[in-house]
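Take a look at the structure set out below.
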Amino acid sequence: MIPTLASNCSPWTPLSVFYDGAGNFLHYIVFSKTAHMVLIEPRIIADSPVEYLRAGIGDTIAKWYEAVALTDEIKQKPLSLDIALHAARLCRDVLLDKGTEAIESVRNHQVTPALVKVAETIMMAGGMVGGYGDEYGRIAGAHAIHNGLTTIPETHKFLHGDKVAYGILVQLALENKYDEVTKLLPYYKELNLPTTLAELGIQEHVKEAIDALSEKATIPEESIHLMSVSTTKDDVIHSIQRLEEYVVNHITPGSP
């Protein structure tokens, strides 16, 4: 496998996601084996569209928040899960530290140590989280919100990682972890990751959109129900509404 984009961990992860022709999420399949080898050529990544790297960062930061949500009640963790959680923490820490520099590298079509580190983190560390953690290192609330957003036509022009990044904020709101939301907001603004529904193109019929995405995000088979907090449709609706108000009150006009 020679990836041309650093937009997610798919080159390394034994998993395929399926959508219908309109872009709505259908299901995913987990395979028993990964690719035999993944070769990353940094010059290819440096020449890729910057939007895909930004989406990859958004998607991969979710590894930490979703893995924590899936494992916080497991008292005695096996070593494989400890490795997965370490990789998930690396995903968050490296991308928060090097993400902005890597984005600038791609804008300038330059191979830099930051870009190499970020690309490796998205694909290698990102893949390790699910590889070692299995179902405890895959997806939780953030990806369920992504799947709900795919039912809203206005969001179809946005990349997977953009919608997952917004899903992280909704998941944190569900968990009442607004201190983490506060930490992430300046970084999101710096990278131009979406923090509100309006930034995902949803500016009309907002109430109906929230209802539809919450309905989809909480169908019985969705990963949001693997979390240890209440995750009903109404819980998601209220969390989205609270998040919208919180973001407006914590980001001043004209801030980056």
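The values are calculated or read from the model by the stated rules, or taken from the named source; none is laboratory data. Only a predicted model underlies this, so the values are computations on that prediction, with no experimental measurement involved. When we count neighbours, we look across all protein chains shown, and the Cβ atoms used for this are built from the backbone with ideal geometry, even at glycine. With ligands, DNA and RNA removed, areas are computed over all heavy atoms of the protein, side chains included. Shrake-Rupley method; radii C 1.70, N 1.55, O 1.52, S 1.80 Å.
Miscellaneous remarks
- Three-way shape label, segment 33-140, alpha-carbon gyration tensor, a/c 1.5: prolate
- Segments 33-43, 135-145, 78-88 sorted - mean Cβ within 10 Å per residue, highest first: 135-145, 78-88, 33-43
- For segment 75-122, accessible area per residue (1.4 Å probe, heavy atoms of protein chains only), Å²: 55 Å²
- Computed over neighbours whose Cβ is under 15 Å from that of F25, the net charge equals -3, Lys and Arg +1, Asp and Glu -1.
- Accessible surface area normalised per residue over segment 1-42 is 65 Å², counting heavy atoms of protein chains with a 1.4 Å rolling probe.
- Cα shape, segment 183-242, gyration tensor, a/c 1.5 rule: oblate
- Residue-wise HN-Hα coupling along segment 124-135, computed from phi with Karplus coefficients 6.51, -1.76, 1.60 (Hz; x: Gly, Pro): 7, 5, x, x, 5, 4, x, x, 8, x, 6, 5
- Taking 25 °C and 0.890 mPa s as conditions, segment 84-129 diffuses translationally at an estimated 235 µm²/s according to Stokes-Einstein applied to its Kirkwood radius (Cα pairs).
- Per-residue Karplus couplings for segment 14-20, computed as 6.51 cos²θ - 1.76 cosθ + 1.60 with θ equal to phi - 60°, are listed in order as x, 8, 10, 10, 10, 10, 8 Hz, Gly and Pro entered as x.
- Probe 1.4 Å, protein heavy atoms only - accessible area per residue of segment 168-212 in square angstrom: 45 Å²
- Gyration tensor verdict on segment 142-243 (Cα atoms; rounded if a/c is under 1.5, prolate if a/b is larger than b/c, oblate otherwise): oblate
- Taking only protein heavy atoms and a 1.4 Å probe, the accessible area of the chain is 55% carbon and sulfur.
- Converting phi to 3J(HN,Hα) with the Karplus coefficients 6.51, -1.76 and 1.60 and the offset θ = phi - 60°, segment 69-82 yields 4, 7, 10, 5, 9, 8, 6, 9, 8, x, 4, 4, 6, 4 Hz in sequence order, with x at every glycine or proline.
- Above-threshold pairs, the threshold being 22 Å between Cα atoms, out of K63/K207; K163/K216; K33/K117: K63/K207; K33/K117
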